[in-house]
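Worksheet: one structure, shown below.
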Amino acid sequence: MILEATSPLIAVVFSVLVGSLLMVLVGKSPVQVFGVMFRFCLGRADSFGTILFKATPLIFSGLAVGLALRAGILNIGVEGQYLTGAILAAWVGFGVKGLPGFVHLPLAVAAGMVGGALWSLVPALLKVRRGAHEVISTIMMNYIAQHLVHYLIADVFMDKMQMPIPGLGSARVRTPLIAKTAMIPKVHGLLALLGIALPKHTYANWLLPFGVALAVATYYLVWKTPFGYEVRSVGHNPGAAEASGIRVAETRLKAFVLSGTIAGLVGLSDLLCYFGYMDVDFPKGYGFTGVAVALLGRNSAAGIVAAAFLFAFLDRGAEGIQALASVPMDVIVILQGVMILSIVVAAEVVGRYARNLQRKEAARG
Amino acid sequence: MSLVGEFVAEMMASAIRMGIPILLAALGAIFSERSGVINIGLEGMMMFGAFFGALGSYLGGPVLGLALAIAGGTALAFVHAMGSVTFRVNQIVSGVALNILAYGCVRFSSITIFKMATTSPHVAKLASIDVPSLSRIPVLRPLFGGVSPMVPLAVCLALASYWLIQRTVFGLRLRAVGENPLAADTVGVPVPPLRYVGVLLSGALAGLAGAYLSIEHTGMYVEGMTQGKGYIALAATIFGDWSPLRASAVAMLFGFAESLSFRVVEGGTIPYQFIKMIPYAMTLAVLAGVVGRSRPPASSGVPYEREGE
Amino acid sequence: MGSSRTSTSAVLTPGEVGELFRSLRNLRDRGKAIVFISHKLDEVLDIADRVTVLRQGRVVGSALTAELTEARLAEMMVGRPVLLELHKKPRQPGEAGLRVKGLVVHGAGRRPAVRGVSFEVRRGEIYGIAGVEGNGQTELVEALMGLRPIAGGTVSVLGRETSGLSTSEIRRPGVSYIPEDRQKRGLILPMTIWENEILGHQRARLRARWFLDTRAVLAHAVRLVEQFDVRIGDIGMPAATLSGGNQQKLILARELSSDPAVIIASQPMRGLDIGAGEFVNNKLLEARDAGKAVLMVSSDLEEVLSLSDRVGIMYGGRIVVEFQPGEMQPAEIGEYMLGVKGPADWKGSVTA
């Protein structure tokens, strides 16, 4: 057990080594570059705020992937689910007017969750009813979502009343602005109580503590409830789960849609705190990073939160080394890719070794 | 009359231009999946092909470009093969990681070599060919005149793939390894080497598909030029029931949908985004069993482990 | 030249075993060396000249079969004296526990695998179904448990019709199931031993509001493990770390402890050593003596004959003959198992 926990560590070390090699290739000293990165990330209040902000969507994404994975479902569709969640939340955000904030904001967040849930319902039904492999169907759903959202933004919701931006000839292809009552407050006030002053131009917001709380909640759900027990049973061995009387299809469907519901929250931190509208360049890729976060965190609640922060740290660090050490920030993207690969390889190798040990121990016992 | 004919010919030519990269990558997906390895990393391998193709063409002409593209795609495929065959990790995860890795590598190389993250300078194309006599008929001119030599090459590769998979001992063994590796192993067919070959071939073909995009189609490398074509190729594979000829036909169909989406923008009756959804929606319909039924190789995606290892 | 076969005779009828042994002796007499691997004592003593016993991967001893008795050989295999004859009390059958009427079940490719099977298992008796594997036994059991749709006929448990119900609805009023493939159907190997002890009961008794009552679950699991003598290292270890015999005991513990009225056991002794097999036998007999209706399906005719109160032979998706052990000679049973003989309305051999 202790042995198996080492695999993320091995992966991090290995990927840092690969990153260092690339830095040497472009004639930089890895020690110096990583030094710059650490100073940039840890020594500045705005970096701290940015890391908190960047970690938020990754926590939700990692939790969404992780929960489905418990039921043996690889939800590659978080990518599309958060886009549909975001567009629905945006629609509630700009379309509904006159509500007080304590109603409007929860409504917008709920809309995001519904959007994600609906988008996951299609591949979930296809899987349990028709046996369609969820990886392929969710990839297809991702692209359909991308084009659908593009259509909604450009042709249906397009804000034709917007003030032209000085120096930019044409209007932006985006939705109308989301009402103030649906915007998520920042956590600056809370952190000020703890004596941490975040600069105004950082966007750490209340979805972060919400995400951490959700991580704790999923831990209890998975490990302490009958439903969680059923989800894990179905994930490990659907045949035995079925023979014991667990409804396999129903359990898979619930877990898949629950995963989609969480996925619907992924885009909201950007949408309801940073942008305040949805445009055609809405951030992409959180879903795929979520796969990495769930794996790196070994699919535990605490691990996922930690991995989300690590990825946020790397992203922020990438900006730092590009600006201050003139190393292309893509070194960090490569490093992240290597990290995912090495985590699964390390987990497999270490796991095999641990199983052998266990078997020997059991034979002796 | 000839105006309509020319329009149809032009549409077909455009569909072929759009369909060729999907076709090549789909052939790649077939080799990999028939051997039992799902290759989600196809997209990344195409990115490698597009970039290294442009780089090779920039440095020493289009032929070197093709060679580098194939080498790049194969190199990335080798990593996928190591992960999925040797280390038996989750093949989907490996593919997702490779796509992220490829994105980073290509941008990094582009900045380091071209000093620009997103584009390369213009690069030389292969000499285009006119099909003798047919290209002189005015109506057929768009179809048979000034054709990229990679179009006939792709057609040959599709036929060759069919022959290789269906008619040779190698193909039989490849399919056996993808359907029932245990049985194959029992009769002495080496499982891991064949899976390596399947994955490496898929990388080479995906690299070639990428090279077509950068060298032949655009004449330069542009970031994001693969636009999910690797995934569309997976869709074509499923829709084509893992058969080279049927998947090629589907690739052309998807190419047609894509070229149609450009024209609809001008027409403006149907939003072009909906035309772009066609390949994905069609694949979902196949997955749901609404339109025909397709069956993947039985052991595709399942790592093979000998007992007691 | 040597050739080795593993448990060749496990799927053969008595007649076929005799035929096989004649061929083997023939080969031996022509100077071939033959390695015969089996867990069946009588067969080994019958065919072999010398025998080597393996236990837990080690050679325990070798001997000439002429110098061995079944009891001595069993002792070598288990490491302690074994009672080969089961101590069976006379049965006292009660009301019907499980009643199956005209059951039809489709197998792979929608071909009928079970074609009109009827039988009844009373409380306090063990009904054994024997037959060469692949004659519809698997499909029959899965249909009884709601794991496979029923195409025709009825099943009732304690007088209540269960055909068409889901597995959990069938299990709830007291049906337990010991599946033929314990690793695919019986246990969730990567999950812990204690989690496996509550599989199927997670919503029933061990719940405190929304959460599992972990303390009660653990106490329950520890008790079961002790009662059923499952040899474990730590109750928090994955079930995968247990030996086959202990995995089967784990399943028995779970399935028998819920006080079922009906027990459906499919190939319960398969792959077990003599010691574990004896344990399973005794537990099933105990259950029968406690007034439970036990259905036991096995392809090992001897197992069925020694344990059951009544036996049905399955061939071609039907029960072709029913009798009490001792009523019929092995040779005749073999003819039924191979479809040479059939019931009165038999129309030649069924091949489809």
(request) Kindly indicate which of B:SER128, B:SER133 is touching a residue at least 12 places away in the same chain (Cβ under 8 Å) and not β-branched (Val, Ile, Thr). (result) B:SER128
(message) Checking A:LEU271 against (1) under 19 Å from A:VAL65 (Cβ atoms); (2) at pLDDT below 95, only one condition comes out false. Which one?
(response) (1)
(message) Can you pull out every residue in the stretch B:203-231 that is part of a helix (DSSP H, G or I) and within 14 Å of chain A (Cβ to nearest Cβ)?
(response) B:LYS229, B:GLY230, B:TYR231
(request) Please work out which residue is surrounded by the most Cβ atoms within 10 Å (Cβ to Cβ), limiting yourself to the stretch C:178-195 and to residues that are more than 9 Å from chain A (Cβ to nearest Cβ) and without any contact (Cβ under 8 Å) to a residue 60 or more places away in the chain. (result) C:ILE193
(request) Name the single residue, out of those in the stretch C:33-59 being surrounded by 14 or more Cβ atoms within 10 Å (Cβ to Cβ) and more than 20 Å from C:GLU302 (Cβ to Cβ), that is modelled with the highest pLDDT. (result) C:ILE34
(request) Give the stretch B:64-85 a look and list any residue that's over 19 Å from the mean Cα position of the chain (by Cα) and either of a type in the set (Asp, Glu) or over 19 Å from B:ASN99 (Cβ atoms) (or both), or say none. (result) B:LEU64
(request) Grab the helices (runs of 4 or more DSSP H) fully contained in the stretch A:183-261, keeping just those with 1 or more residues being under 13 Å from A:ARG70 (Cα atoms) and of a type in the set (Ser, Thr, Tyr). (result) A:207-224, A:226-236
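Matching residues to (1) assigned to a loop (DSSP other than H, G, I, E, B); (2) touching a residue at least 12 places away in the same chain (Cβ under 8 Å):
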{"position": "C:GLY128", "(1), (2)": "no, yes"}
{"position": "C:GLY134", "(1), (2)": "yes, no"}
{"position": "C:LEU140", "(1), (2)": "no, yes"}
{"position": "C:GLY146", "(1), (2)": "yes, yes"}
{"position": "C:GLY153", "(1), (2)": "no, yes"}
{"position": "C:GLY164", "(1), (2)": "yes, yes"}
(message) Being at the interface with another protein chain (Cβ under 10 Å from one of its Cβ atoms) and of a type in the set (Lys, Arg) is the filter here; which residues of the stretch C:214-257 pass it?
(response) C:ARG231, C:ARG254
(message) Which count do you get for residues in the stretch B:5-31 that are touching a helix residue (DSSP H, G or I) at 6+ places or on another chain (Cβ under 8 Å) and either hydrophobic (A, V, I, L, M, F, W, C) or within 14 Å of chain A (Cβ to nearest Cβ) (or both)?
(response) 17
(message) Within the stretch B:45-72, take every residue that is within 19 Å of B:ILE232 (Cα to Cα) and out of contact with any Leu (no Cβ under 7 Å at 6 or more places or on another chain) and give me the one that is nearest to the other protein chains (Cβ to nearest Cβ).
(response) B:MET47
(request) Would you be able to tell me the number of residues in the stretch B:100-117 that are in contact with a helix residue (DSSP H, G or I) (Cβ under 7 Å, 6 or more places away or on another chain) and either more than 7 Å from chain A (Cβ to nearest Cβ) or touching a residue at least 60 places away in the same chain (Cβ under 8 Å) (or both)? (result) 8
(message) For the stretch C:93-113, give me the residue count where each residue is more than 22 Å from the chain's Cα centre (by Cα) and not in a strand (DSSP E or B).
(response) 6
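Can you name the residue in the stretch A:292-330 that is among the polar types (S, T, N, Q) and not in a helix (DSSP H, G or I) and is also farthest from the other protein chains (Cβ to nearest Cβ) among such residues?
It comes out as A:SER300.
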(message) Tell me which helices (runs of 4 or more DSSP H) are completely within the stretch A:1-106 and hold 2 or more residues being within 14 Å of another protein chain (Cβ to nearest Cβ) and closer than 17 Å to A:LEU335 by Cα, or say none if there are none.
(response) A:7-25
(message) I'd like the full set of residues that are of a type in the set (A, V, I, L, M), part of a helix (DSSP H, G or I) and over 24 Å from C:SER243 (Cβ atoms), limited to the stretch C:26-64.
(response) C:LEU27, C:LEU45, C:ILE47
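Of a type in the set (Gly, Ala, Ser), more than 13 Å from chain A (Cβ to nearest Cβ), assigned to a helix (DSSP H, G or I) and crowded, with 24+ Cβ neighbours inside 10 Å: does that describe B:ALA75?
no
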(request) For C:GLU255, state whether it is under 13 Å from the mean Cα position of the chain (by Cα), part of a helix (DSSP H, G or I), buried (at least 18 other Cβ atoms within 10 Å of the Cβ) and at negative phi. (result) no
(request) Tally the residues that are in a helix (DSSP H, G or I) and over 22 Å from the mean Cα position of the chain (by Cα), restricting the search to the stretch B:178-192. (result) 9
(request) Go over the candidates C:THR154, C:THR138 one by one and state the one that is hydroxyl-bearing (Ser, Thr, Tyr), surrounded by fewer than 21 Cβ atoms within 10 Å (Cβ to Cβ) and in the same structural domain as C:SER266 (by TED's automatic domain parsing). (result) C:THR154
(message) Looking at the structure I just gave you, is C:ARG209 farther than 19 Å from C:GLU180 by Cα, without any contact (Cβ under 8 Å) to a residue 60 or more places away in the chain, surrounded by 15 or more Cβ atoms within 10 Å (Cβ to Cβ) and not small (Gly, Ala, Ser)?
(response) no
(request) Report, by residue number, each residue of the stretch C:96-116 that is surrounded by fewer than 24 Cβ atoms within 10 Å (Cβ to Cβ) and over 27 Å from C:LYS283 (Cα atoms). (result) C:LYS101, C:GLY102, C:VAL104, C:HIS106, C:GLY107, C:ALA108, C:GLY109, C:ARG110, C:ARG111, C:PRO112, C:ARG115, C:GLY116
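Yes/no per residue for (1) in contact with a strand residue (DSSP E or B) (Cβ under 8 Å, 6 or more places away or on another chain); (2) closer than 30 Å to B:GLY230 by Cα; (3) among the basic types (Lys, Arg):
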{"residue": "A:ILE144", "(1), (2), (3)": "no, yes, no"}
{"residue": "A:ALA154", "(1), (2), (3)": "no, yes, no"}
{"residue": "A:MET158", "(1), (2), (3)": "yes, no, no"}
{"residue": "A:ARG174", "(1), (2), (3)": "yes, yes, yes"}
{"residue": "A:VAL187", "(1), (2), (3)": "yes, no, no"}
{"residue": "A:ILE196", "(1), (2), (3)": "no, no, no"}
{"residue": "A:HIS201", "(1), (2), (3)": "no, no, no"}
(message) Could you check the stretch A:106-124 and list, in sequence order, the residues that are buried (at least 24 other Cβ atoms within 10 Å of the Cβ) and over 12 Å from A:SER259 (Cβ atoms)?
(response) A:ALA108, A:ALA111, A:GLY112, A:GLY115
(request) Residue by residue through the stretch C:221-247, note down the ones that are in a helix (DSSP H, G or I), buried (at least 19 other Cβ atoms within 10 Å of the Cβ) and more than 23 Å from the chain's Cα centre (by Cα). (result) C:ALA221
(message) Quick check on this structure: which one of A:VAL345, A:VAL338, A:VAL333 is in a helix (DSSP H, G or I) and either out of contact with any helix residue (DSSP H, G or I) (no Cβ under 8 Å at 6 or more places or on another chain) or closer than 22 Å to A:GLY235 by Cβ (or both)?
(response) A:VAL345
(message) Return the residues of the stretch B:125-177 that are in contact with a helix residue (DSSP H, G or I) (Cβ under 9 Å, 6 or more places away or on another chain), in a helix (DSSP H, G or I) and β-branched (Val, Ile, Thr); say none if nothing qualifies.
(response) B:VAL139, B:VAL151, B:VAL155, B:ILE165, B:VAL177
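The values are calculated or read from the model by the stated rules, or taken from the named source; none is laboratory data. Note that the structure is predicted; figures quoted are calculated from it, not measured. All Cβ positions, glycine included, derive from the backbone under ideal geometry; neighbour counts span all protein chains shown.
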